[in-house]
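The structure appears below as C-alpha cells.
The values are calculated or read from the model by the stated rules, or taken from the named source; none is laboratory data. No experiment lies behind these values; they were computed from the predicted model shown. Don't worry about glycine lacking a Cβ; one is built from the backbone with ideal geometry, like all the others, and counts go over all protein chains shown. Accessible surface is based on the protein model in full, side chains and every heavy atom, while ligands, DNA and RNA are left aside. Shrake-Rupley method; radii C 1.70, N 1.55, O 1.52, S 1.80 Å.
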Amino acid sequence: MSRYRNNPGAVQALVRDREVHKDAYVDPEIFDLEMEQLFANTWVYVGHASQVPNKGDYVTTTVGTEPVVMVRHQDDSIRVLVNRCPHKGVKVAPEGCGSTGKFFRCPYHAWTFKTDGSLLSIPLKKGYDGVGFEQTEGATGMAAVRAVRVYRDFVFCRLNPEGIGFEDFFGDSLSTIDNMVDRSPEGRLQVAGGVLRYMHNCNWKMLVDNQTDTCHPMVAHESSAGTAVRVWNEAPPGTPKPMAVELFAPFMSPYEFFEKMGIRVWVNGHGHTGVSDSIHAAYSEVPGYWDQMVAAYGEQRARAILGDVRHNTVYFPNIMVKGPIQTLRLFKPIAVDRTLVESWTFRLVGAPDMLLERTLMYNRLINAPTSVVGHDDLEVYERAQEGLKARGRDWINVARLFDDAEHGQVNVATNGTNELQMRNQFRAWARFMTPLAAKGCGV
Amino acid sequence: MNTVTERQLTDFVYAEARLLDEQRFDDWLQLFADDGYYWMPLTPGQTDPRLQTSLLYEDKLLLRVRTERLGGARTFSQQPRSRCHHLLQAPAVEDIDNAAGLYRMRTSFHYVETRMDTQTLFAGWATHQLRAEAGALRIVLKRVDLVNCDAAFGNINLFM
C-alpha cells in the first residue's frame, strides 16, 4: 500500500510547526521519495575541485543514492556524470579516484565515453547500423547532470534539470564557505589528510538535526569531553595544555554558553550555530599565521575573517561545514535506517602545517569510528531509530523556543539553543519533497 | 636491564593482549612509556600520523581518557559494555637491539569486538616498538594496521 507516493498532502502533513512525524525517519517509502524528489530538487554537494586537479581526473561518489562520477573535462570544467553505462548499466568509473585520460571505457564491452558523457565509440559498431540505435537512450552516452555549479571550488549539482537556481537556493549561507576559504592566505583550500568513513544504522536526518543541537554536548559527551577535562585537571601544574584538551574541553561548556553563542537560519533549510562565539573560538594561535593573514588581507580584513568563528553550518540537505576548523561532513543516505558519514578535511593553502594538524586531530577525536565523542552520538541515533518503532507515539518534538513569528523570517540571530534550524530544515524538506518545489524558491 | 630474550618479547605481546581481553586497562596503560603512542593508520602503509588522518593516534593522556571513560556512569555507548577477544599468531621478533634497549615485534591477529548481539571481526597486524626502561619493557609505539583500515566502520570501542 502506498501512503505517500502521489499524495503530497500526506507528505506535507508530516511536518507541523512544533513536531515532525516519525515516518520522516522510519518509512522506506518516504526515503524513496527523498531520493527521487528532495535529492533531485536541491543543490547537493558532490566534491571539491582539488580532488580533480588535472584533465581526466575523476572521483566517484553518490548524490542521494544516485551513483555519480565527478570529472575534470578536457576544457578544464568539472562535469558530473551518472556513473552508469547506457548499455548494460555497469558503473563505468571504478570506485574511488584516479585519472581516466580523455575518455571513460566501460569494463564490460568497451563502450567509450568522453568526459562530458557523450558516446565516443562502440566496438563492432556495424552491429548497430540500421537497427534504430539512435532512437535509444544508449545513443546519448552517460547521462550528464546539467545543473552543476562550482563555488569557490566546492562542487554542487541539482539532478533535476529544472528547478531553483544556485544563488536562490543558498542565499546568504554561502558566507560560511567564503569564510572557510578566506582563512587561507592564498584564498584556496585543498582536500587533505584523508577521509574518515563512519557507518551509522540510523536515518540520515538524525545526523543533520544533531549539527545544530546545542543541548546535547554536555549530556551525550559528558563521558568523553568531561573525562578529558578531569584527567587534564589532574596533570601537574605548569604542564602545557595539550592540543587535544583544547579541542575537547569546549564540549563541556554550560547551557548558558550555547544560548549566548546564537543560531541563525537562512532560506531553504540552511542555517548555523555560533553567531557571536563558538566552541572553536578559543584555540591557541598558530605561530606565523596571523602575519600571513595580515600580509594577504590587511589587518582589518584579517581580523574580520578570523573573528568569524561559526560553529556548524548546515547546507541543506546533507552537509555540515565548520569554517574555523576546516571540516566538511557529508551525510550520505544509503537506506531509511543506514547512513554513511564522510568527514573531509581541508588544508588552508599557504598556511602553517600546524593548522592542518589541528584540523586532523579534531576530525580524529570527534568524527572517527574510534571517536569517544562519535560513539555516544551514534548510540543515541541508533537508540532513536529503534525507539521510533514504538506505536502510539508518532511525533518527534522540535518545539524549543518556537515562535509564531518565525515563519518566513531569515538572517536573524537568536538564542543558540533554539531548535529553529531543525524546523527550518523540515519546512524546506516539505517543500522540496514535492515536484512543484522544483520551480519555486523562498523560505 | 639484562639481555632481553625473544621469549620475553613474545610473552610481552601475549600478556598485553590478555590485559585488553580481561579489560584490565590500568595495568595495560602501565605498559606504555610516558612518551608512548597507540596508532591505527587510516591507509595501508601510512608513514605520517600528523598530516595524514588516522583512526587513532593517541598519547598516554588520551589513552587514559579513553580507558577511564569506558566505565563511566554516563558512558551511554557502553551500556551495556563491549567485550573483545584477540587471537594472535606467534609474534615475529623483527628487531632486537640489546645495546640500545630497543625492540620491535610484528604480530598478525584476528580481533573480535562484541556488543549486545553484534560481533564484529577485524584482522590485521600489530607492530610493537618497545624500550627497556628501569628493568621493564615499555611500549614506545603500538601500531595496528587493519587489513581494511580504509573501510567504513561502525563504532570501534575497545583496543586491538
Review point. Could you give the distance between the Cα centres of segment B:123-156 and segment A:235-313, to the whole Å?
Key: 34
Practice item. Using a cut-off of under 12 Å, list every residue of segment A:79-96 whose amide N is near the label point 7 Å from the Cα of A:Val150 along the Cα-to-beta-carbon line. Key: A:79-80
Exercise for review: Find the centroid of the Cα atoms in segment A:62-76 and in segment A:357-390, then give the distance between the two in whole Å.
Suggested key: 29
Study note, to complete from the structure: With a 1.4 angstrom probe the carbon and sulfur portion of accessible area for the protein assembly as shown, in percent, totals 49
Review point. Quick one: buried accessible area between A and B, total over both chains, 1.4 angstrom probe, nearest 100 Å²?
Key: 3100
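For the peptides A:384-391, A:121-128, A:187-194, what is the packing order when you average, over each peptide's residues, the other Cβ atoms within 10 Å and list the highest mean first?
Ranked from most to least packed, the peptides come out as A:187-194, A:384-391, A:121-128.
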Practice item. Per residue of A:187-196, count partner chain C-beta atoms within 10 Å of its C-beta, then hand back the mean as an integer. Key: 3
**Study point:** Average beta carbon contacts from partner chains per residue of A:375-383, 10 Å cutoff
**Key:** 4
Point to revise | Test item: Cα-centred dipole of chain A, Lys/Arg +1 and Asp/Glu -1 on Cβ, debye | key: 1140
Check your understanding: Which net charge results when you count Lys and Arg as +1 and Asp and Glu as -1 among the other residues whose beta-carbon is under 13 Å from that of B:Thr114?
Key -> 0
Practice item. Evaluate the charge dipole of segment A:5-124 about its Cα centre and quote only its size in Debye, nearest 20, assuming +1 on the Cβ of each Lys and Arg and -1 on the Cβ of each Asp and Glu. Key: 560
Review point. At a 1.4 Å probe, which residues in segment B:65-113 are at least 20 Å² less accessible with all protein chains present than in their chain isolated?
Key: B:Val65, B:Arg66, B:Glu68, B:Arg69, B:Arg74, B:Phe76, B:Ser77
**Study point:** Spacing of the two label points (7 Å from each Cα toward its C-beta) at A:Phe103 and B:Val112, in nm
**Key:** 5.2
Revision key, fill the gap. Ordering A:Asp168, B:Asp97 by the accessible surface of their heavy atoms, 1.4 Å probe, largest first, yields A:Asp168, B:Asp97
Study note, to complete from the structure: By accessible area (1.4 Å), largest first, A:Cys215, A:Cys97 order as A:Cys97, A:Cys215
Exercise for review: Check cross-link reach from A:Lys322 to the aspartates and glutamates: straight Cα distance under 12 Å, and skip same-chain residues fewer than eight apart.
Suggested key: A:Asp178, A:Asp308
Review point. By how many nm would the segment from A:Val219 to A:Ala405 lengthen if fully extended, with 0.36 nm per residue of separation less the alpha-carbon distance?
Key: 63.9 nm
**Study point:** At least 50 Å² accessible surface lost relative to isolated chain, residues of segment B:46-60 (1.4 Å probe)
**Key:** B:Arg50, B:Leu51, B:Thr53, B:Leu55
Review point. Quick one: accessible area per residue over chain A, 1.4 Å probe, rounded to a whole number of Å²?
Key: 40
**Study point:** Inter-chain Cβ neighbour average for residues A:220-232, partner chain, 10 Å
**Key:** 5
Check your understanding: Each label point is 7 Å from the Cα along the Cα-to-Cβ direction; what then is the distance between the points at B:Arg74 and B:Thr5, in nm?
Key -> 5.1
**Study point:** When each of A:Lys102/A:Lys332; A:Lys22/A:Lys332; A:Lys88/A:Lys332; A:Lys102/A:Lys125; A:Lys22/A:Lys205; A:Lys241/B:Lys142 is checked by Cα-Cα distance, pairs over 18 Å
**Key:** A:Lys102/A:Lys332; A:Lys22/A:Lys332; A:Lys88/A:Lys332; A:Lys102/A:Lys125; A:Lys241/B:Lys142
Exercise for review: Quick one: order B:Arg66, B:Arg115 from most to least accessible surface, probe 1.4 Å.
Suggested key: B:Arg115, B:Arg66
Study note, to complete from the structure: Simple spin-label estimate for A:Asp75/A:Glu167, 7 Å along Cα→Cβ, in nm, reads 2.2
Study note, to complete from the structure: Within the protein assembly as shown, the percent of DSSP beta bridges that are antiparallel, given to the nearest 5, stands at 95
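In deg cm²/dmol, rounded to 500, what helix-only [θ] at 222 nm does the protein assembly as shown give when every DSSP H run of at least 4 residues adds -39500 (n - 2.57) and the total is split over its residues?
So the calculated ellipticity at 222 nm is -7000 deg cm²/dmol.
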Review point. Charges only on Cβ, +1 for Lys and Arg, -1 for Asp and Glu: so what's the dipole of segment B:6-146 about the Cα centre, in debye to the nearest 20?
Key: 400
Check your understanding: How much FRET efficiency would the formula 1/(1 + (r/R0)^6) give for A:Lys260 and A:Glu386, where r is the Cβ-Cβ distance and R0 is 25 Å, rounded to 0.05?
Key -> 0.10
Review point. Hey, if you put +1 on the Cβ of every Lys and Arg and -1 on every Asp and Glu Cβ in segment B:6-146, which of B:His86, B:Ala132, B:Leu121 ends up farthest toward the positive end of that dipole?
Key: B:Leu121
